[in-house]
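The values are calculated or read from the model by the stated rules, or taken from the named source; none is laboratory data. Keep in mind it's a predicted model, so treat the numbers as computed, not measured. Here the Cβ is made from the backbone with ideal geometry for all residues, glycine too, and neighbour counts use every protein chain on show.
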Amino acid sequence: MAHSQTKLVCKYCKKPFLARQDTAKKRKFCSHKCSALSWRESELNLLTKQLVGKTFGKLTVLSVGEKQKDGQRLWLCHCTCGQEKFITTAALTLRRAESCGCTGKSGSKNCKWTGFGEISGGYWSSLKACAKTRDIPFDLNIKNAWDLFLKQDRKCALSGVDICFGNVGLPYGKRHSTVSASLDRIDSRKSYSLSNVHWCHKIVNLMKRDLPIDLFIRWCSAVSAHQGALCKA
């Protein structure tokens, strides 16, 4: 006995197909292939909602990427050091990757590491040597400086922009150009001490130099106001 058929539209490929009238209410796809592709797409959309915007250690997931040959899905991630890298779903969800690799050779993972946190020993030594050359007392230890950096939420105390110690997986000479954090004395007449320092972006520190903070801010405000007026003119 022939079964009557009805014309339907596939929910996935949008192509018309014929289905038996007695099963039409249950049919949404024209083939098993479309059904499987739709399921995978739904799973990916769900996973995208769960991962995009989330933070894993130093990594923030920006967007979904392509699939690798082994079937692993890649995700474009932004690291706090400024680098972007594609990371697999498993590496993120299982916490196998919490940075772009910039912290992979620091701390206890490297027996030659002489720094603390993400502050390298070479960077800290250069700060102390510079202060000594300028005959400025340096009464601060690296642990307290790192704690202060975290207290500032890795941001410049004056501008609020993100700052970092660069790619600590590189030798100091190569890493130096990627460093944006700079230790600034609040009162340039006093020593480097925990109560008289804060972390700034290196460009902000270069601009401020030895100016008192209130005077520096007044000049920044004046420049900003003047440039704003010129743009409106």
Just checking, how many residues over the range 176-222 are farther than 19 Å from residue 125 by Cβ and assigned to a strand (DSSP E or B)?
3
For residue 233, which of the numbered conditions (1) among the aliphatic types (A, V, I, L, M); (2) more than 25 Å from residue 100 (Cβ to Cβ); (3) surrounded by fewer than 17 Cβ atoms within 10 Å (Cβ to Cβ); (4) at pLDDT 90 or above fails to hold?
(4)
Could you grab me the full set of residues in the range 32-73 that are over 30 Å from residue 98 (Cβ atoms) and either in contact with a strand residue (DSSP E or B) (Cβ under 8 Å, 6 or more places away or on another chain) or aliphatic (A, V, I, L, M) (or both)?
36, 37
When the residues of the range 68-93 are narrowed to those that are touching a residue at least 12 places away in the same chain (Cβ under 8 Å), closer than 13 Å to residue 57 by Cβ and of a type outside the set (Val, Ile, Thr), which ends up surrounded by the most Cβ atoms within 10 Å (Cβ to Cβ)?
77
Under 6 Å between Cβ atoms, which residue pairs at least 6 apart in sequence (or on different chains) link something in the range 194-217 that is within 15 Å of residue 152 (Cβ to Cβ) and touching a residue at least 12 places away in the same chain (Cβ under 8 Å) with a partner that is surrounded by 15 or more Cβ atoms within 10 Å (Cβ to Cβ) and among the basic types (Lys, Arg)?
197/185
Considering only the range 135-167, state which residues are free of Cβ contacts under 8 Å to residues at least 60 places away in the same chain, within 21 Å of residue 100 (Cβ to Cβ) and of a type in the set (Asp, Glu).
153
Mind counting the residues in the range 174-210 that are surrounded by 13 or more Cβ atoms within 10 Å (Cβ to Cβ) and within 19 Å of residue 160 (Cβ to Cβ)?
18
Being at pLDDT 75 or above and exposed (fewer than 14 other Cβ atoms within 10 Å of the Cβ) is the requirement here; does residue 18 meet it?
yes
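Condition check ((1) within 30 Å of residue 164 (Cβ to Cβ); (2) modelled with pLDDT of 75 or more; (3) outside any strand (DSSP E or B); (4) touching a Ser or Thr at 6+ places or on another chain (Cβ under 9 Å)) across all residues:
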| site | (1), (2), (3), (4) |
| --- | --- |
| 8 | no, yes, no, no |
| 26 | no, yes, yes, no |
| 34 | no, yes, yes, no |
| 39 | no, no, yes, no |
| 60 | yes, yes, no, yes |
